[in-house]
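Here's the structure, in structure tokens; my notes come after.
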Amino acid sequence: MKAFLGITGTLVVIAAAYYGMFRGWRNRQARQSALAPLPEVPADTTRGVEGVYVATTSAGDWMDRIAVHELGVRSTADLAVSEAGLIFHRQGAADVFIPADHLTGVRTDRGIAGKVTAEKSGLVVVTWSHDGRELDTGFRPRRKADTEPLTASIATLIGAEQS
């Protein structure tokens, strides 16, 4: 009988924890529901650097994950850089397009939204504006050697747009 009560109690605690996380995510989505829909993804099928789309957060607040428009969903992705902007082709979530004229900065960082890497420059973080908000989007290239060229190509794109 003690074992049954122990197992039942553990399952109740786990269920309550999952319910709390679900409610927290839904409340975050409700608070962020005023954020305008994202720009349409161009029909560009060019693939880019393979890696992981980590998340999008409020700029400067690496733990304030954006939950609406699937921006907070971590997924395997590739990042294509073109004259039009950045396209994250994601698996299991909607693709994300950031127009070149919305880009305001790029840097490498150690972490964003719960994803922290061992190396100081493990993530490529793109800062961009959308609907009057500054946002940071993190991407972790699969190969470390891709980080520097990817960052340089995005910086060139931003520089070309600012000219």
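The values are calculated or read from the model by the stated rules, or taken from the named source; none is laboratory data. Quick caveat, the model's predicted, so the values are computed rather than measured. Positions of Cβ are backbone-derived with ideal geometry, glycine not excepted, and every protein chain shown enters the neighbour counts. SASA here: full protein model, heavy atoms, side chains in, ligands and nucleic acids out. Shrake-Rupley method; radii C 1.70, N 1.55, O 1.52, S 1.80 Å.
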Please state which of the following conditions Ala113 fails to meet, knowing it meets all the rest: (1) open to solvent by less than 40 Å² (accessible area, probe 1.4 Å); (2) modelled with pLDDT of 90 or more. (2)
Over the stretch 45-79, the set of residues open to solvent by 50 Å² or more (accessible area, probe 1.4 Å), within 25 Å of Gly159 (Cα to Cα) and either in contact with a helix residue (DSSP H, G or I) (Cβ under 6 Å, 6 or more places away or on another chain) or modelled with pLDDT under 85 (or both) is Thr45, Thr46, Arg47, Gly60, Asp61, Trp62
Given (1) surrounded by 19 or more Cβ atoms within 10 Å (Cβ to Cβ); (2) in contact with a Ser or Thr (Cβ under 8 Å, 6 or more places away or on another chain); (3) modelled with pLDDT under 85; (4) under 24 Å from Asp146 (Cα atoms), number of the condition Val96 does not satisfy: (3)
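Any residue at all in the stretch 80-89 that's hydroxyl-bearing (Ser, Thr, Tyr) and open to solvent by 50 Å² or more (accessible area, probe 1.4 Å)? Write out each step before concluding.
If we filter the stretch 80-89 for residues that are hydroxyl-bearing (Ser, Thr, Tyr), which is where we start, we get 82.
In the following step, the residues that additionally are open to solvent by 50 Å² or more (accessible area, probe 1.4 Å) were identified as none.
No.
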Tabulated pairs, the stretch 1-28, first at pLDDT below 90, second surrounded by 10 or more Cβ atoms within 10 Å (Cβ to Cβ), C-beta under 7 angstrom, 6+ apart or interchain: Trp25/Ala67; Arg28/Ala67
Are there any pairs with C-beta distances below 6 angstrom linking a residue in the stretch 125-147 that is closer than 14 Å to Gly111 by Cα to a residue that is part of a helix (DSSP H, G or I) and polar (S, T, N, Q), with the two at least 6 apart or on different chains, and if so which? Pro141/Thr147
Just a yes or no: is a residue in the stretch 123-141 surrounded by 18 or more Cβ atoms within 10 Å (Cβ to Cβ), part of a strand (DSSP E or B), at pLDDT 90 or above and out of contact with any strand residue (DSSP E or B) (no Cβ under 7 Å at 6 or more places or on another chain)? no
